[in-house]
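Reviewing the structure listed below.
The values are calculated or read from the model by the stated rules, or taken from the named source; none is laboratory data. The shown structure was predicted, so the numbers you read here are calculated from the model rather than taken from an experiment. Backbone-built Cβ (ideal geometry, glycine too); neighbour counts: all protein chains shown. Protein only, heavy atoms only, side chains kept; ligands, DNA and RNA dropped before computing areas. Shrake-Rupley method; radii C 1.70, N 1.55, O 1.52, S 1.80 Å.
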4 protein chains.
Amino acid sequence: MIIVMNSNAPQAAIDRVSSEIERMGLRPHLSSGKFRTVIGAMGEEGLLDQNHLASLDGVEKVVPIMKPYKLASREFHEDDSVVEVGGGKVPKVKVGGPHAACIAGPCAVENEEMLNKIARHVRDGGATILRGGVYKPRTSPYSFQGLGLQALKWMRATGDELGMPICVEVMDTRQVADMEPLVDCFQIGARNMQNFDLLREVGKTRKPVLLKRGLAATVKDWLLSAEYVLSQGNRGVILCERGIKTFEDSIRYSLDVTSIAVAQQLSHLPIIVDPSHAAGKRDYVASLALAGMAAGANGVIVEVHYCPSEAQCDGPQALLPEVFKELMGQLRQVAAVHKREFAEIGEVAASA
Amino acid sequence: MIIVMNSNAPQAAIDRVSSEIERMGLRPHLSSGKFRTVIGAMGEEGLLDQNHLASLDGVEKVVPIMKPYKLASREFHEDDSVVEVGGGKVPKVKVGGPHAACIAGPCAVENEEMLNKIARHVRDGGATILRGGVYKPRTSPYSFQGLGLQALKWMRATGDELGMPICVEVMDTRQVADMEPLVDCFQIGARNMQNFDLLREVGKTRKPVLLKRGLAATVKDWLLSAEYVLSQGNRGVILCERGIKTFEDSIRYSLDVTSIAVAQQLSHLPIIVDPSHAAGKRDYVASLALAGMAAGANGVIVEVHYCPSEAQCDGPQALLPEVFKELMGQLRQVAAVHKREFAEIGEVAASA
Amino acid sequence: MIIVMNSNAPQAAIDRVSSEIERMGLRPHLSSGKFRTVIGAMGEEGLLDQNHLASLDGVEKVVPIMKPYKLASREFHEDDSVVEVGGGKVPKVKVGGPHAACIAGPCAVENEEMLNKIARHVRDGGATILRGGVYKPRTSPYSFQGLGLQALKWMRATGDELGMPICVEVMDTRQVADMEPLVDCFQIGARNMQNFDLLREVGKTRKPVLLKRGLAATVKDWLLSAEYVLSQGNRGVILCERGIKTFEDSIRYSLDVTSIAVAQQLSHLPIIVDPSHAAGKRDYVASLALAGMAAGANGVIVEVHYCPSEAQCDGPQALLPEVFKELMGQLRQVAAVHKREFAEIGEVAASA
Amino acid sequence: MIIVMNSNAPQAAIDRVSSEIERMGLRPHLSSGKFRTVIGAMGEEGLLDQNHLASLDGVEKVVPIMKPYKLASREFHEDDSVVEVGGGKVPKVKVGGPHAACIAGPCAVENEEMLNKIARHVRDGGATILRGGVYKPRTSPYSFQGLGLQALKWMRATGDELGMPICVEVMDTRQVADMEPLVDCFQIGARNMQNFDLLREVGKTRKPVLLKRGLAATVKDWLLSAEYVLSQGNRGVILCERGIKTFEDSIRYSLDVTSIAVAQQLSHLPIIVDPSHAAGKRDYVASLALAGMAAGANGVIVEVHYCPSEAQCDGPQALLPEVFKELMGQLRQVAAVHKREFAEIGEVAASA
């Protein structure tokens, strides 16, 4: 950690910072320039209390040198991590490194028949993991909040029938115990990225966790949230970029592909993109999914909904099954540029 | 709600939107301009599914006319709400309308003696409600996470002794039941502003809720979160502006006083400011507190920490007791411009 | 335009808005709902003064329906525009529709020899247009400000020698006349995107204009700036996305690929990406360039600098020539997904 | 400057950075920690090329210690600067330190009579400097662009008649010479904050410059723009905060009072606020003006427009003269908290 002193900090203030650094078990290292003194704290930076140092008299700013997360960092684990989703009645699907994965399904599970129909469509289109919401995070208390445990049981049955692991969002610490035996992968939504109790609770399970990035979170914040899960002993974290708030008012969120490149340099964790919840318009889903894979993502999570002749699809961002299938073909082409491959559902089952 | 059609939307698409509006129980109202058709949906807008309408063919955009929150809106309740914090052994403190309140105390409760000492300082300085963290939301899993229930009991004892209601942050739905009998006011932190299960859970209690604004939330998002609490029957919501993320990198967050003016026009709920957690530097706390009151806030929440001779204050944003006292004098002057008044601790006790 | 009245607006206020709409030459169209009145203004929206309407008593908000730009919109010109850069001694390079183009060169022109060397490298790597800064927009008055007209003459000579059109940034209205005969394409930097006098001045020339997006501009703002150029009669506008400000502090700017998809839906103008100035780190340039093309861009503009054995490359974002060449191969693969093709320098010359 | 090396940077890379620092005339200072090496560069930081150092192999990041601006910094000039606006036929008005100033007038000058009428209103209300736009920066090329030199002459005549210095926006380097003899203070708009040629050009004049902050600029960017003006020898820079882009969509911009506190700590330059152009709604102007003064500003710039019985005020943010007058009273109360005083027009004239 580097402590920059004010240009007019007296010697007593400099001495005080030095002695505090020593008290915390590190060695202070002074550099007195023409204009100000800079103090380096050499040793295990984690021992320092940055807030306390910043509160001392004469301190202008404190610049950390080490990364504040450890288990999530590429310095701790140099190679790309590969997370396995599934097992038991359903095959294990690999996500990470050269293994790209497509997770698809409806936004919310509305009934068993619709779920089964969509699940077959996405499996035929090339998805290997099934998604579907049973608890819905809604900004308005008056919106549909999901069907809960009943819908989760339909997800489990459908996944088992079709040989697809299932990925389902958890919203409350009190849901974790009920959900753990039923899901193959927990999903943490963007608005819960810093719900620290929830992160700890899923960290205590041994099911993988798909961790969406908060809508205004930095990559550092995101990796610190991953660290909450990892630090509980659960090493199966998959990062998911789903768009950030920007000033653009013609769409919902902006898929931030720059963060994919940054996160992959700083961390070994696999990262996928969610183009459906980013812009929130069907027309943009393909472009954004392709951009995410081109930036280096390890896969995508996409909303798909079929269209019975008498009704329009619900959800302005859901893809029609045939559009989804075509997109999968293009995604395979782009993944190849980075030597990544999407498994076929048959291969996955065979390798299980 | 107004549905703007694409410039080349066919008649069939226009008819389809109209019939969907009728199916939901409203009346469609077409205006065919030279360039495009605009459809107004007349009636109870809450009956409409905006997402569904946006997903229909030929729809360019959907513009809601009504506000998505109701109980929080000034249209529902024209006059300023006044929320009472306290009761029982401690006096009731009014927040809202002409009643300004100052909530103060340490960031985190570290031990009972320190708490008692700081509590006396803030009461002497002019605060009427005591704050203090017992569960701490920390971005890093390796940081101090608070002392929990033990510290809460110290808060209760100190509040009772000094005649100050207490305000304490809740982080997890599982803490609500234990905390409810001990606190006078729940605090919901910025990172939990959209933790919807937690909002519902405190909404089921009858203790007031101090709801901090999320770091990238709009006023609409914030009022929708307030609506979650209100819709459970708890009418004691106090909004708290505590800074938003901006591009300014020399401070932590930027206190957004514009949102105070906006929230007060849209909502009847009282609103206070937290200058300590905004910029994160002691030097800026007074300016920001004054600016918040000048913009029209109903009070402040401030961190205070005494400084024993042998140690520096912890927390780069905590005020020294004597600085806090001086600030209170300035705040009273600014409050007077808006005909608001901070109660003295004696008055509050007498009126109880 | 739609005018939403306050819920308690009196009839006189409604009448007044209606008569103002009529005075401006449009027809008012009232929809009186249960809660408020909404007034549609039917006709040529451009005749309305939105600011004036918003200032009338009882008006809650004014929602424009038409787009504020015309010549830049896809409604005005349905097919993708193709802009030709070059002519005379150098070949014409097409940008737009199926024609992808790569613009490359040094950040700033430092001397003629270095320029010539880099130009040969980028031509060999696959670039067909040469870039190089002669006036540099620098945030600090003490930084290198470019070599000016002399460097521009070296650019012209190098372009002519190698058969590459040149693209050079203009910063001041007073430079336009001198530059016009020498450049093949003007570049407007992000910080000048709303320098309206400069936009008008290059709009009066007949050389194409590469218009970078401002660092916090919406797509609408960007297209309005394009409209400034187009409205002067210059139809050769190429949009360039170069990154936006976000809260991510580990990079300079975030390349916003979502805006590419949005801009291509709203406008017929070609759009390219600048991955070098976005993140500002060499390591990220390839990922971002690929992501931009995958999102649907019509090309890239990249900084390249050779590395003599005795010196490091200047500029943390410049690519080495061999890395650039490899990237071009990957870009061709991704462009193929969208049926776009980068011309080879030979083809361009032959078709000239 | 501090150079943080990658954790796996080889000794050769460390040596290379050290020798580059020496080559630039500073002394390298190595601190080899357990995990990585940090190199301090001791001496005149302005001699270093940060970009070049960041481009060297093995460098993770470069952290500047010194501020990149000099003349604008409080380290260069410890006391608050006081800028005088006016002289000759009109009195000199002081802005800065204990001297608060109110600049007021119409948004755009539409005709001489209206200007004269508004000018009398604002003088009576307590303004001592007259504002009025003659060249208007408009995002759309089809909007009213101002009346130019003719309107400027009306401004000059009105200012002379009423004894008020005038402040007028300049947009193009080519306007500076014509405007210099006529204005008492140049205004640079937010969108031109980084129009570096324009900054340099007004820096060459000896008339004060009101420099508005860019809509997404940091305080550092803003002070660097001030440095452009100061470095040309013009020491009369007045900073003006006028709102920043945030995610709040119910207003135009958010007045950023935090930046006032920050700018006043970093710089000696006077700073005023523009509440009219921030939120863009009349209802919010008073709250924001008061908040700005409470945060410590040295004055305000406000739009005022009278309302003849037969017409509404143009401009949704303009105050009525009587509202303006009342606001001035409140502003005086708040200014007193910081021991600042708004001069009366009579005092100013007398002291001239």
*Hey, what do the phi angles of the range D:244-259 turn into as Karplus ³J(HN,Hα) couplings, whole Hz, using 6.51/-1.76/1.60 and θ = phi - 60°, x for Gly and Pro?*
10, 6, 9, 7, 5, 9, 8, 9, 7, 9, 10, 4, 9, 6, 4, 5
*Between residue B:124 and residue A:326, what FRET efficiency comes out of the Förster formula 1/(1 + (r/R0)^6) with R0 = 51 Å and r the beta carbon distance, rounded to 0.05?*
0.10
*asked:* Using a 1.4 Å probe on the protein heavy atoms, what percent of the accessible area of the range A:19-86 belongs to carbon and sulfur?
replied: 46 percent
*Using only protein heavy atoms and a 1.4 Å probe, report how much of residue D:154 is accessible, in Å² to the nearest 10.*
50 Å²
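For the range B:118-229, what is the Kirkwood hydrodynamic radius in Å, using each pair of distinct C-alpha atoms?
Values: mean 1/r = 0.0681 Å⁻¹.
Kirkwood hydrodynamic radius for the range B:118-229: 14.7 Å.
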_For the axis carrying chain D to chain C: nearest C-beta residue of D, whole Å_ = D:216, 2
*Within 10 Å of each Cβ in B:38-48, the average number of Cβ atoms from other chains*: 3
*Could you give, in nm with one decimal, how far residue A:88 is from each other copy of that position, shortest first, with labels 7 Å out from Cα toward Cβ?*
4.4, 7.3, 8.5
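Can you work out the accessible area per residue across the range B:184-244, with the rest of the protein chains kept in place, probe 1.4 Å, in square angstrom?
On the way: 1140 Å² over 61 residues.
Dividing the accessible area of the range B:184-244 by its residue count gives 19 Å².
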_Simple spin-label estimate for residue B:161 and residue A:180 in nanometres, 7 Å along Cα-Cβ_ = 4.1 nm
*Across peptide A:330-340, how many C-beta atoms of other chains are within 10 Å of each residue C-beta, on average?*
3
*For q = 0.12, 0.18, 0.20, 0.23 Å⁻¹, what log10 I(q)/I(0) does the range C:174-290 give under the Debye formula with an equal point scatterer on each alpha carbon and no solvent?*
-0.42, -0.89, -1.05, -1.26
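So which of B:245/D:339; B:281/D:220; B:67/B:136; B:136/D:61; A:212/A:281; B:212/B:281 end up more than 23 Å apart, counting from Cα to Cα? Could the numbers behind the result be given before it?
Numbers: B:245/D:339 31 Å; B:281/D:220 18 Å; B:67/B:136 34 Å; B:136/D:61 31 Å; A:212/A:281 19 Å; B:212/B:281 19 Å.
Violating the 23 Å limit, Cα to Cα: B:245/D:339; B:67/B:136; B:136/D:61.
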*What's the Kirkwood radius of the range A:221-352 in Å, using all Cα pairs?*
16.1 Å
_With θ taken as phi - 60° and the coefficients 6.51, -1.76 and 1.60, list the Karplus ³J(HN,Hα) couplings across the range D:49-57 in order, rounded to whole Hz; mark glycine and proline as x._
9, 4, 4, 5, 4, 5, 8, 6, 4
*Compute the separation of the alpha-carbon centres of the range A:282-299 and the range A:175-240 and state it in Å as a whole number.*
23 Å
_Computed over the range B:99-244: relative contact order in percent, which uses C-alpha pairs under 8 Å that are six or more apart_ = 17 percent
*Between copies, how close do the residue A:34 label points come, placed 7 Å along Cα→Cβ, listed in nm from shortest?*
3.7, 6.7, 7.5
_Can you pull out the trypsin sites (Lys or Arg not before Pro) in the range D:91-157 whose DSSP state is coil and whose Cβ has at most 10 other Cβ atoms within 10 Å?_
none
*Evaluate peptide A:248-255: per residue, the Cβ atoms of other protein chains within 10 Å of its Cβ; return the mean as an integer.*
6
*Within-9-Å neighbourhood charge of residue C:126 [Cβ basis; K, R +1; D, E -1]*: +1
*Rg(Cα) / (2.2 N^0.38 Å) computed for chain C, rounded to two decimals*: 1.14
*Between the range A:316-352 and the range C:1-43, how many Å separate their Cα centres?*
51 Å
_Accessible-area ranking of A:82, A:302, largest first, probe 1.4 Å_ = A:82, A:302
_Within the range A:257-301, backbone nitrogen closer than 13 Å to the virtual label 7 Å beyond the Cα of residue D:6 toward Cβ_ = A:265-266
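How big a patch of accessible area, both sides summed and in Å² to the nearest 100, lies buried between C and A at a 1.4 Å probe?
2800 Å²
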*In nm to one decimal, list the spacings between the residue A:265 label point and its equivalents in the other copies, with label points set 7 Å along Cα to Cβ, shortest first.*
3.0, 3.1, 4.3
*List the residues of the range C:272-295 that lose 10 Å² or more of accessible area once all protein chains are present, compared with their chain alone (1.4 Å probe, heavy atoms only, no ligands or nucleic acids).*
C:281, C:282, C:283, C:284, C:287, C:288, C:290, C:291, C:294, C:295
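Suppose only helical runs count, i.e. DSSP H with n ≥ 4. What mean residue ellipticity at 222 nm does that imply for the protein assembly as shown under -39500 (n - 2.57) per run, divided by all residues and rounded to the nearest 500 deg cm²/dmol?
Details: 48 runs with 492 residues, N = 1408.
So the calculated ellipticity at 222 nm is -10500 deg cm²/dmol.
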*What span do the alpha-carbon atoms of the protein assembly as shown cover on each of the three principal axes, reported in whole Å from largest to smallest?*
79, 74, 74
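Using a 1.4 Å probe on the protein heavy atoms, what percent of the accessible area of the range C:160-284 belongs to carbon and sulfur?
44 percent
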